[in-house]
Amino acid sequence: MNAEEVWINLVTESAENPIELKTKRGLNFKLVSNGEFLTVYKSEVEPSSKLKSPRSIYKDNFEKVFPYYERWTIGEKGISEEITAITVNSVYIMAAIKSVTR
């Protein structure tokens, strides 16, 4: 799947029902869409990410991070820092991509 297909899948699915996901470190979070962008919320399921406020994920940031996904899955050294330099939402974006492409 390409970035556009994954984005559409996530926006569509999470607009109908919130998606419960886990980060690579096992922290739960909830992904919700308004049909245009994604919002990350703290999960009611423990252990939950420690978000102080919801975070928005916009398509342009998603598309910038998506090409790094394969390198991230194999644990390439330094890749997390590279992705985090693009967006602070990288852990949530990668977990969301994983949920669609697995």
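Read-outs throughout are calculated quantities, based only on the coordinates presented, and are distinct from any laboratory measurement. Because the structure is predicted, anything quoted here is derived from the model rather than measured. Note that each Cβ is placed from the backbone with ideal geometry, even for glycine, and that neighbours are counted across all protein chains shown.
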Number of the exception - GLU36 against (1) among the acidic types (Asp, Glu); (2) under 21 Å from VAL11 (Cβ atoms); (3) touching a Phe, Trp or Tyr at 6+ places or on another chain (Cβ under 8 Å): (3)
Quick one: what pairs do we get from the range 38-55, first residue of a type in the set (A, V, I, L, M), second buried (at least 16 other Cβ atoms within 10 Å of the Cβ) and part of a loop (DSSP other than H, G, I, E, B), C-beta under 7 Å, 6+ apart or different chains? VAL40/ASN89
